[in-house]
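Reading through the structure tokens given below for one structure.
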Amino acid sequence: MQKIRQGDDVMVIAGKDKGKRGTVLKVVDAEHVVVENINIARKHQKANPQAGEPGGIIDKAMPINVSNVALYNPQKGGADRVGFKVLEDGRKVRVFKSNAEVVDV
């Protein structure tokens with residue numbers, strides 16, 4: 001079970017975008033995630049008339065290491081660490097370390 005999943009609201013805790021928040025768009029592998037409006041690179045793209053793609057400079061979200069992001073805790077108002085807990089019915093869920101609030105129900 002992964003600590004950060006697609007659709008989670010995360011906050012960047014290290015790097016050039018430190019302090020910014022965004023939603024996880026894609027989990028690339030176990031160590032990298034793509035977050036909207038975070039780690040943006042400018043790409044020079046050549047036009048492709050057969051596919052109908054225009055050329056020019058486009059902004060592209062690049063992967064960021066999972067160690068540089070943390071889940072956003074709305075009660076705390078900031079980034080928080082994540083742990084795991086097994087409920088009475090046998091389900092394994094993610095919980096915030098600071099207040100033991102369940103992340104996903």
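The values are calculated or read from the model by the stated rules, or taken from the named source; none is laboratory data. All values derive from a computational prediction rather than experimental measurement. Every residue, glycine as well, gets a Cβ built from its backbone with ideal geometry; the counts of neighbours run over all protein chains shown.
Can you name the residue in the stretch 25-57 that is farther than 30 Å from Met1 by Cβ and aliphatic (A, V, I, L, M) and, of all such residues, is surrounded by the fewest Cβ atoms within 10 Å (Cβ to Cβ)?
Residues of the stretch 25-57 farther than 30 Å from Met1 by Cβ: 41-57.
Next, only the ones that are aliphatic (A, V, I, L, M) stay: 41, 47, 51, 57.
On the way: Ala41: 9, Ala47: 11, Ala51: 6, Ile57: 8.
If we take residues in the stretch 25-57 being farther than 30 Å from Met1 by Cβ and aliphatic (A, V, I, L, M), then Ala51 is surrounded by the fewest Cβ atoms within 10 Å (Cβ to Cβ).
Restricting Lys46, Lys26 to those that are of a type in the set (Lys, Arg) and under 15 Å from the mean Cα position of the chain (by Cα) reduces the list to Lys26. For the stretch 75-88, residues that are in contact (Cβ under 8 Å) with a residue 40 or more places away in the chain and not aromatic (Phe, Trp, Tyr) total 3. Looking across the stretch 1-23, the residues that are surrounded by 13 or more Cβ atoms within 10 Å (Cβ to Cβ) and under 18 Å from Phe84 (Cβ atoms) come down to Lys3, Ile4, Arg5, Asp8, Val10. Contact annotation: residue pairs with Cβ atoms under 8 Å, 6 or more positions apart or on different chains, pairing a residue in the stretch 92-104 that is in contact (Cβ under 8 Å) with a residue 12 or more places away in the chain with a partner that is among the acidic types (Asp, Glu) and not in a loop (DSSP other than H, G, I, E, B), are Phe96/Asp80; Lys97/Asp80; Ser98/Asp80. Using the structure shown, decide if Ala41 is in contact (Cβ under 8 Å) with a residue 24 or more places away in the chain, assigned to a strand (DSSP E or B) and out of contact with any helix residue (DSSP H, G or I) (no Cβ under 7 Å at 6 or more places or on another chain). It is false that Ala41 is in contact (Cβ under 8 Å) with a residue 24 or more places away in the chain, assigned to a strand (DSSP E or B) and out of contact with any helix residue (DSSP H, G or I) (no Cβ under 7 Å at 6 or more places or on another chain).
Taken across the stretch 79-92, residues that are in a strand (DSSP E or B), among the small types (Gly, Ala, Ser) and either modelled with pLDDT of 95 or more or touching a Ser or Thr at 6+ places or on another chain (Cβ under 6 Å) (or both) do occur, with at least one present. Can Gln75 be described as at pLDDT 95 or above and assigned to a loop (DSSP other than H, G, I, E, B)? For Gln75, the condition - at pLDDT 95 or above and assigned to a loop (DSSP other than H, G, I, E, B) - is not met.
For the stretch 4-21, a residue qualifies if it is part of a loop (DSSP other than H, G, I, E, B) and either within 13 Å of Asn68 (Cβ to Cβ) or acidic (Asp, Glu) (or both), and the qualifying residues are Ile4, Asp8, Ile13, Ala14, Gly15, Lys16, Asp17, Lys18, Gly19, Lys20. Filtered by the rule that a residue be at pLDDT 95 or above and under 30 Å from Asp8 (Cα atoms), the stretch 48-58 gives a lone residue, Ile57.
What residue, among those in the stretch 63-105 that are small (Gly, Ala, Ser) and more than 26 Å from Asn37 (Cβ to Cβ), is surrounded by the fewest Cβ atoms within 10 Å (Cβ to Cβ)?
The initial filter retains those residues of the stretch 63-105 that are small (Gly, Ala, Ser), namely 67, 70, 77-79, 83, 90, 98, 100.
Still in the running and more than 26 Å from Asn37 (Cβ to Cβ): 83, 90, 100.
Values: Gly83: 12, Gly90: 6, Ala100: 9.
By that ranking, first place goes to Gly90.
Among the residues of the stretch 59-71, is any over 15 Å from Lys16 (Cα atoms) and outside any strand (DSSP E or B)? Looking for residues that are over 15 Å from Lys16 (Cα atoms) and outside any strand (DSSP E or B), one finds none in the stretch 59-71, hence no.
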